[in-house]
Each structure stands twice: as C-alpha cells, then as structure tokens.
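Below: the structure, in structure tokens.
What follows draws every value from the coordinates through simple rules; no lab data is involved. Small disclaimer: the values here were computed from a predicted structure and weren't measured. Counting neighbours? That spans all protein chains shown, and the Cβs are built from the backbone with ideal geometry, glycine included.
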Amino acid sequence: MIFRLHTGLLALLISASSFAQTQLYTESFAPFSYQQDGVIKGKAVAIVRRMADEIQEPYQIKLWPWIRAYTKVKNTANTGLFLVAKTPAREKLFKWVGPIIEDHIYLCQRATASPLPYMRLDQLSKRANIAITRGFPEQEILQRHGFNNLKLTKNPLHALQLLHRGHADYVSCTPYTLPQLLKAASLPAESFQYTSMKVYQAELYLAFNQQTPDAHVEKWQHAMLKLQREGKLTSLTPDYIHLETPLENGH
C-alpha cells in the first residue's frame, strides 16, 4: 500500500514538474511578434501571455527563425509554437490551440506593374516569379498549384526586398504584417499594391508538440475561449493597412 502511494505521488510530481514551465517559440514577424530593446513584444505575444496568465502557467518565450523554431517544436516535448497556420499537411504533426487570429494572404506587386490578368493561381504558375518565405504555408499551396519557379527566402522582409528590386514579380503578403515590413525596409506603401489574387485564408494557432497531454492543450484552449467571450482579446487584434488593388483603382 505504501509502495503504491509513493508510486502515485512520484507520478504526480513527475507530471507536475514536466509542465513546470512551457517553452514557447515564435518568429520575428511584426506586428505579431518581434524584439524591441531586448523584450519580446507583439500582438500575438500579448495574446499568448494573456492566456498563460489566465491559467497561471509558467512559460518562457523565445524568438527564433521560423524553420528552426518549427523543427524544434515538432521534435521536442513540452514546447509550443505560434502563430502557425493549420494546414492538412501539418494537422497531425501538432496539437492545436485556437484559432487565435484569422489572416488573408494575397499576392502583392509593385505599384508600377500591370494589373494581374488572371483569376486563378494555376493560370499564373508558369508566368511569374513569386518570392515567399521558405516553410510558410504559401510554399506548399503554390507548389500544389504547379509553381516550380518560387524564390524561397529566409524571411518576409527579404521577399519584399526582392520584389522592390525587380527580382520577383509578386510576393505573398498579408494586411496584418505588411505595414511593419514596409517600415523595416524603409519603403513607402505607395510603392506596392495588392492584386485580386488571394492565395489562401489562414486561421493561425498556437501549436504544441504532439507529446503534449490533451488535458494541457485543452486548458490553453479553454483559457483562449474564456478571454474571447469576455472581450479581453479584442484590443490585441492587429490593425490592417489599406493598399489599393488594381480592381479598386479601376484598372
């Protein structure tokens, strides 16, 4: 009997200690997440911190390059990554909390370029060079539509710079993140315009390693839903930037 009590107590202690601190990762992708004066900030960071505080969860957030963080969380227990688009290829690789934010991804071009004459992605596949960040969902989606001429970059800022210099015809962009990218590249918004081509609509999540207990994931999910019901996440939703599209210009 004493042995069973000790064994049960030991199991509880191991379980508790294994989640004494959750290691979370995110990438530098303003306004969702970025580092300023040595502090990790951003809209997504604020939401995740609010969720962790709600469940009184000890945690640490690290800012890593996307591919490195993605690989780390996929292969390491007691870790999570945000923000992650939940695609069919990724669905069984992680356990999901969210959606936290919904995003819309379009093709963006230089303002001086001719309006996009096509209505479907597959019509564009052999006619344009598109710069996208390696490992982003756009890569999988565009390759599925027959794009074999993608310019894969290390981050979205690099992709935007390729577009500006004329080394790419289009980049994938989102109204959430484009303002900060333009600011980082010292480029005016008037230099670019959205096309009418939506690449996809994404729901963005906090993704935990597959070994994470379901009860732990559910605790985070319940915290997010509670905060949403109470309206405590509304003020943390990123603002959009408005760029004119060729359709809005009347072209």
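Taking the alpha-carbon distance from Lys62 and a cut-off under 22 Å, which lysines remain once sequence neighbours fewer than 8 residues away in the same chain are dropped?
Cα-Cα hits under 22 Å: Lys41, Lys43, Lys72, Lys74, Lys86, Lys95, Lys154, Lys219.
In what order do Ile141, Ile132 fall by count of nearby beta-carbon atoms within 10 Å, going from fewest to most?
Arranged by neighbour count, lowest to highest, Ile141, Ile132 become Ile141, Ile132.
Amide H to amide H, which residues 5 or more places from Thr79 or on other chains are under 5 Å from it, using H placed in the peptide plane?
Correct list: Asn209.
Can you give me the Kirkwood hydrodynamic radius for the chain, using every pair of distinct Cα atoms, in Å to one decimal?
The answer is 19.7 Å.
In the neighborhood of Ala168, defined by Cβ-to-Cβ distances under 11 Å, what is the net charge if each Lys or Arg adds +1 and each Asp or Glu adds -1?
With Lys, Arg at +1 and Asp, Glu at -1, the net is +2.
Tell me which aspartates and glutamates have Cα within less than 12 Å of Lys232's Cα, excluding those fewer than 8 residues away on the same chain?
Qualifying aspartates and glutamates at Cα under 12 Å: Glu54.
Given +1 on the Cβ of Lys and Arg, -1 on the Cβ of Asp and Glu, and no further charges, what dipole in debye does the chain carry about its Cα centre, rounded to the nearest 20? It would help to have the intermediate numbers written out before the result.
On the way: 28 positive and 20 negative charges, 134 e Å.
Around 640 debye, computed over the chain.
Normalising by the residue count of the chain, find the relative contact order in percent from Cα pairs under 8 Å and 6+ residues apart. Present the calculation step by step, with values, prior to reporting the outcome.
On the way: 423 pairs, mean separation 68.4, N = 251.
Worked out over the chain, it gives 27 percent.
Mind checking which of Trp96, Ile67, Gln109 is farthest towards the positive end of the chain's charge dipole, using Cβ charges of +1 (Lys, Arg) and -1 (Asp, Glu) about the Cα centre?
The listed residue farthest towards the positive side: Ile67.
Starting from the 7 Å offset along Cα-to-Cβ, what nm value, one decimal, do you get for the label separation of Glu102 and Leu225?
1.8 nm
What angle do you read, to the nearest 10 degrees and between 0 and 90, between the alpha-carbon axis of helix 66-75 and the longest principal axis of the chain?
Helix 66-75 and the main axis of the chain meet at about 30 degrees.
So for region 104-201, averaging the separation of alpha carbon pairs under 8 Å that are six or more residues apart and normalising by length, what relative contact order in percent results?
49 percent
Quick check on the chain: helices-only [θ] at 222 nm, where DSSP H runs of length 4 and up contribute -39,500 (n - 2.57) each and the sum goes over total residues. Nearest 500, please.
Here the helix-only value at 222 nm equals -10000 deg cm²/dmol.
To two decimal places, what compactness ratio does region 104-201 give when its Cα radius of gyration is scaled by 2.2 N^0.38 Å?
0.96
At 37 °C and 0.692 mPa s, what whole-number value in µm²/s does Stokes-Einstein give for the translational diffusion of region 36-89, with Rh from the Kirkwood sum over Cα pairs?
It diffuses with D of about 259 µm²/s by this estimate.
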